[in-house]
Amino acid sequence: MSRPNMRILALMSILLVAVALYAVLAFKVAPEMVAAAYHGESSFEFLNALFARQPPRPLELYVSYAKTSLFWIGMLFASGVCITFLVQEPRFQRWWEQRFGPAPEESPLSEISRLRRAVICTSIVGFLAAAAIAALVNVELWPFSPYTMYANSRPRQGPAVSHYRLYGVTETVPELEVWFDFSEPIDQPYRAENVLGSWSKRQLSDDKLQQAMEQLLVVYHAEQEQRVRPGPVYKSLRLYREEWDSLDPHGADRAVPNRRALLVETTKKF
């Protein structure tokens, strides 16, 4: 069998073994390991501790995360194997030299010591592995981070998710609470309810919260009179902290919290 055919056969064999290994890990090993750690029964204590810090979410969601992570790890591995075989192909090397010119001969790779090459390769692999572990396990390994940005939950105590939401109370009978969608200026990335919620988390006085909400109400009605901002007429504003014990992965129950706590209410004074 010719050398190119042997290379293709070796490539196909590696990929088939990788697919079989992925199938076993994703559909047999990973679900069992995740389920055991989810219930605190895993033989690996770090997995039990990891799941103990997570908010109460469905087991199926964590199994889905594990399968997705294994899929992308497998794709990266398969891509790396294919690229490795490709760059060793003589036809690819000839095309590369025709397109970009031959490699310089001043410092060939053979002149680099084995120790130096081992240090370089180990550093690259270690850097990528640390970044991947931080992202997949969702832990802080400084200077690596999973970069959760502004998403936040309470894994150790309290509800899985809490959110501050501002409602306007109409002058109708019976009165209605309508989500107060107000952002000033229009391109402001932070909604008023989030700013007020941040104030309340810092445990500022209710007077300052009421003052801010009164100003929002004044500006809202002023823009209504100027026909800048259409919407219902509100007699008061209410700031709630809404909590979910287990938020649906797709957000289907985002409008139906398990609990609502009224923090501050302000009434129109004009």
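Assessment of the stretch 217-227 against the conditions (open to solvent by 30 Å² or more (accessible area, probe 1.4 Å), modelled with pLDDT under 75 and over 23 Å from the mean Cα position of the chain (by Cα)) yields at least one matching residue.
What about Val81, is it free of Cβ contacts under 8 Å to residues at least 60 places away in the same chain and assigned to a helix (DSSP H, G or I)? Against the criterion (free of Cβ contacts under 8 Å to residues at least 60 places away in the same chain and assigned to a helix (DSSP H, G or I)), Val81 does not qualify.
Residue by residue, here is whether (1) modelled with pLDDT of 80 or more; (2) farther than 17 Å from Ala261 by Cα holds:
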| position | (1), (2) |
| --- | --- |
| Leu166 | yes, no |
| Thr170 | yes, yes |
| Glu175 | yes, yes |
| Val178 | yes, no |
| Ile186 | no, yes |
| Glu193 | no, no |
| Leu196 | no, no |
| Lys201 | no, no |
| Lys208 | no, yes |
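The values are calculated or read from the model by the stated rules, or taken from the named source; none is laboratory data. Worth saying up front: this structure is predicted, and the values here are computed from it rather than measured. Counting neighbours? That spans all protein chains shown, and the Cβs are built from the backbone with ideal geometry, glycine included. Calculation scope for accessible area: heavy atoms of the full protein, side chains included, ligands and nucleic acids excluded. Shrake-Rupley method; radii C 1.70, N 1.55, O 1.52, S 1.80 Å.
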